[in-house]
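Down below is the structure, laid out as structure tokens.
The values are calculated or read from the model by the stated rules, or taken from the named source; none is laboratory data. Treat the numbers as computed from the prediction; the structure is a model and nothing was measured. Neighbour counts are summed over all protein chains in view; Cβ atoms, including those assigned to glycine, are modelled from backbone coordinates with ideal geometry. Areas reflect the complete protein model, heavy atoms only, side chains present, ligands, DNA and RNA absent. Shrake-Rupley method; radii C 1.70, N 1.55, O 1.52, S 1.80 Å.
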Amino acid sequence: MAEKKKCSAVITEQRRLTPDIFSMWLQFPEEYNVAGMAAPGQFLSLYCRDGSRLLPRPISICEIDREGRWIRVVYRQAGEGTKEFSRLRPGETIDVVGPLGNGFQKHSGKNLLIGGGIGIPPMLALANELSGETEVVLGYRDGALFLKEDFEKSGAAVYVATEDGSAGTKGNVIDAIQKNHLSAEYIYACGPIPMLRGVKEYALEKGILAQVSMEEKMACGIGACLGCVCQSVSKDSHSNVNNKRVCKDGPVFDVEEIIL
Amino acid sequence: MNLSVDFAGVTMKNPVTTASGTFGSGAEYSGFVDLSRLGAVTTKGVASVPWPGNPTPRICETASGMLNAIGLQNPGIDLFLERDIPFLKQYDTKIIVNVCGKTEEEYIEVTERLAKAEVDLLEINISCPNVKAGGIAFGQDPKLVERITSRIKRKAKQPVIMKLSPNVTDSAEMAKAAEAGGADGISLINTLTGMKIDIYRRGFALANKTGGLSGPAIKPVAVRMVYQAAHAVKIPILGMGGIRTAEDALEFIMAGAAMVAVGTANFNHPSAAFDVVQGIEAFMRKQGVKDIRELIGCVD
Ligand SMILES: Cc1cc2nc3c(=O)[nH]c(=O)nc-3n(C[C@H](O)[C@H](O)[C@H](O)COP(=O)(O)OP(=O)(O)OC[C@H]3O[C@@H](n4cnc5c(N)ncnc54)[C@H](O)[C@@H]3O)c2cc1C
Ligand SMILES: Cc1cc2nc3c(=O)[nH]c(=O)nc-3n(C[C@H](O)[C@H](O)[C@H](O)COP(=O)(O)O)c2cc1C
Ligand code: FES
């Protein structure tokens, strides 16, 4: 009856992309191939070995190799948990529950992917799987770019914005969209709340369907604790109080659905 | 080997349940744990109407524990009866429904609505530190504890467990007050009120400023309070607070708990509650214990 489980994945590669961003490939066991079930926009709960850190770290799926049973995650060293992950070496294992949440609804047509900061990684899994014309706008703080070449390899046209102007358009992702006269039928976005607000405003103004991936502190990661809610326009299925659970009802939502 | 226990007249196949609020109504965890292998499932607090809960962030991690300030978000008794109870009835496990309210009348309304429902026990939460009205306000004064217990008892069709707070000077006194009010059991501990400050943002980690501390960090406090309550009252005790392994659970049982609940540990390991059941079994086999009841309160 109990068909889901916490499983142990083997780290097959660990690489530093910038001073504080790391890339890690995880391989899953044959009998529990998390990669085989994964879709762009979903996330993994990664657990610390240090027993004093009880809560899982939600990390987005950045790339998927279903046959090879691999998932790539790209993460910022934010605190002690992610510092611990960055010290793991190939051959070591990490406990994982996943894939969790709902991914992006994929459309064929003119797609615009927008990633800001540590919201960039999940957009790569999506870029790899979208057919049709795909443009990607990546927003960074400074010139320490990461994953840009990976997006280019996916076949997408890539545009960059940096806050300090050291690469691409100086400013934010919306500035880059305007400067490069980008247009789209569908928008997919992940990044900090101020960026998502800008994306929402832009999408509503242009009448473009947009999906955004949200972030909130989590405890269970599976919809039981009600820790990770965000305010929604419609009633949530759990409590009927306009509080959607980021982990279970999201993390990807239609932008009109979320109060930002 | 016998693992079954009798708790307030209800026979449980083993002494392990889930701590309210950490396991929903079981649906989300049912993929990870066969609910039929648990002695009981204890559901998240339910009120007479839906509650939206507190603003976010509601969660923060602390050393060997966490703070939460969910604020008792819940769907209200109507949807709960329609959806959650039928879900749990599919499993061969007992159902403990945790009840919350802002006024005595609200607790009583929920108790009455549950009268015809197929639930085995009620657990009355008079100890939530995260809501302003109700909750803990009832749990900190022995006179109020006794009064609300006896008012609920008059209406309840199922045995009533009063869930007590550790945020009091003398929890044993509250246990006695609940017993005097006619409670059929005591559960403890709820979370300890705590606070975390984000020094970089110069603000509170939780939007509610304070939250309830749970997890292994509180276990020694919980074991002590269970021990003291067990010596203060005759009614059975459902012990919880930081249980992560069978060894932790056995400490509570030996201190006097007839049942134990696994809470925060579910977040660390989604099959934690079942792992505790299996671990207790293994311990008994190794130690040649034939009946779990030999262990309840064996450390005096
Ligand atoms: C759906 C989702 C997807 C994410 N994907 C990525 C990703 O692909 N790459 C990446 O670098 N980061 C991602 N994050 C953020 C990541 O979860 C946090 O940076 C990480 O948990 C920090 O852990 P820590 O122990 O290093 O930091 P600490 O600050 O020590 O963590 C303490 C606690 O707070 C939680 N926490 C801290 N920051 C966040 C945050 N921003 N969001 C949620 N919980 C947090 C931790 O999980 C932990 O429980 C994602 C968050 C969510 C909700
Ligand atoms: C996220 C969360 C939500 C909780 N919600 C409730 C609740 O609705 N009702 C209640 O009586 N206790 C609630 N509790 C308290 C737990 O049931 C339990 O008493 C406490 O967490 C101590 O046990 P633990 O350390 O094993 O988690 C909650 C605890 C947590 C962590
Ligand atoms: S983290 Fe528990 S409901 Fe989302």
Check your understanding: For chain A, what relative contact order do you get, as a whole percent, if you take Cα pairs closer than 8 Å and at least 6 residues apart?
Key -> 16
**Study point:** Mean separation of Cα contacts under 8 Å (6+ apart) over length of chain B, as relative contact order %
**Key:** 20
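Restricting to the stretch B:58-124, compute how many DSSP beta bridges are antiparallel as a %, nearest 5.
On the way: 4 of 8 bridges.
If I count the DSSP bridges inside the stretch B:58-124, around 50 percent turn out antiparallel.
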Study note, to complete from the structure: Taking A:62-70, A:82-90, A:95-103 and ranking on average Cβ neighbours within 10 Å, highest first, one gets A:95-103, A:62-70, A:82-90
Review point. What are the semi-axes of the equivalent ellipsoid of chain B, taken as the square roots of 5 times the eigenvalues of the Cα gyration tensor, listed largest first and rounded to whole Å?
Key: 26, 22, 20
**Study point:** Size of electric dipole in the stretch A:71-121: Cβ of Lys, Arg +1 and of Asp, Glu -1, about Cα centre, debye, nearest 20
**Key:** 300
**Study point:** Value of [θ]222 nm, deg cm²/dmol, for chain B, DSSP H segments ≥ 4, -39500 (n - 2.57) each, nearest 500
**Key:** -8500 deg cm²/dmol
Revision key, fill the gap. Here Rg/Rh (Cα, Kirkwood) for the protein assembly as shown equals 1.01
Check your understanding: What are the lysines whose alpha-carbon lies under 17 Å from the alpha-carbon of residue B:116, with same-chain residues fewer than 8 places away excluded?
Key -> B:89, B:94, B:153, B:155, B:157
Revision key, fill the gap. Probe 1.4 Å, protein heavy atoms only: A and B together bury a total accessible area in Å², to the nearest 100, of 3000
Review point. Restricting attention to the alpha-carbon atoms of the stretch B:39-184, what are Rg (one decimal) and Dmax (integer), both in Å?
Key: 15.1, 43
**Study point:** Sequence ranges A:247-256, B:233-242, ranked by mean other-Cβ count within 10 angstrom, highest first
**Key:** B:233-242, A:247-256
Exercise for review: Roll a 1.4 Å probe over the protein heavy atoms and report the accessible area of residue B:25 in Å², nearest 10.
Suggested key: 20
Exercise for review: With only Lys, Arg, Asp and Glu charged, each at its Cβ (+1 for the first two, -1 for the last two), find how big the charge dipole of chain B is about the Cα centre; round to the nearest 20 debye.
Suggested key: 420
Point to revise | Where only alpha carbons of chain A are counted, the Rg and the Dmax (Å) | key: 17.7, 55
Point to revise | Interchain or long-range residues, amide H under 5 Å from residue A:244's placed H | key: A:230, A:232
Study note, to complete from the structure: Counting only Cβ distances under 4.7 Å between cysteines, those in chain A with no partner are A:7, A:48, A:62, A:190, A:228, A:230, A:247
Study note, to complete from the structure: accessible surface per residue for the stretch B:8-96, probe 1.4 Å, DNA/RNA/ligands not counted, whole Å² -> 27
**Study point:** Radius ratio Rg over Rh of the stretch A:214-260, counting only Cα atoms, Kirkwood formula for Rh
**Key:** 0.91
Practice item. Considering Cα pairs under 8 angstrom that are at least six residues apart, work out the relative contact order of the stretch A:22-174 and quote it in whole percent. Key: 20
Revision key, fill the gap. Mean per-residue count of partner chain Cβ within 10 Å for A:222-235 equals 6
Review point. Residues with amide H under 5 Å of residue A:133's amide H, sequence separation 5 or more or different chain, H placed in the peptide plane at 1.01 Å from N; which?
Key: A:109, A:111
Point to revise | Furthest towards positive pole of dipole, B:199, A:32, A:14, structure part the protein assembly as shown, Cβ charges | key: B:199
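Can you tell me how the stretch B:14-107 classifies by the Cα gyration tensor, rounded, prolate or oblate, using a/c under 1.5 as the rounded cut?
Because a/c hits 1.5 or more and a/b fails to exceed b/c, the stretch B:14-107 counts as oblate.
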Review point. Per-residue mean of other chain beta-carbon atoms within 10 angstrom of the beta-carbon, peptide A:44-52?
Key: 2
Review point. What list of ³J(HN,Hα) couplings, whole Hz, do you get for the stretch B:200-210 from phi and the Karplus terms 6.51, -1.76, 1.60, once you set θ to phi - 60° and write x for glycine and proline?
Key: 7, 8, 6, x, 7, 5, 9, 4, 7, 6, 9
Study note, to complete from the structure: Rounded to the nearest 5, the percent of DSSP beta bridges in chain A running antiparallel is 55
Study note, to complete from the structure: Of all DSSP beta bridges with both partners in chain B, the antiparallel percent, nearest 5, is 40
Point to revise | Shape category assigned to the stretch A:105-209 from the gyration tensor of Cα positions, a/c cut at 1.5 | key: oblate
Review point. Of A:202, A:127, A:144, whose Cα points farthest to the positive end of the dipole of the stretch A:105-209 (charges on the beta-carbon: +1 Lys, Arg; -1 Asp, Glu; origin at the Cα centre)?
Key: A:202
Check your understanding: Which distance in Å, rounded to a whole number, links the C-alpha centroids of the stretch B:179-220 and the stretch A:193-260?
Key -> 27
Exercise for review: With +1 on each Lys and Arg Cβ and -1 on each Asp and Glu Cβ, and nothing else charged, work out how big the dipole of the stretch A:1-125 is about its Cα centre, in Debye to the nearest 20.
Suggested key: 280
Review point. Going by the alpha-carbon gyration tensor, a ≥ b ≥ c the square roots of its eigenvalues, is the stretch A:1-119 rounded (a/c under 1.5) or, if a/c is not under 1.5, prolate (a/b greater than b/c) versus oblate?
Key: oblate
Check your understanding: What is the distance, in nm, between label points placed 7 Å from the Cα along the Cα-to-Cβ direction at residue B:170 and at residue A:18?
Key -> 6.0
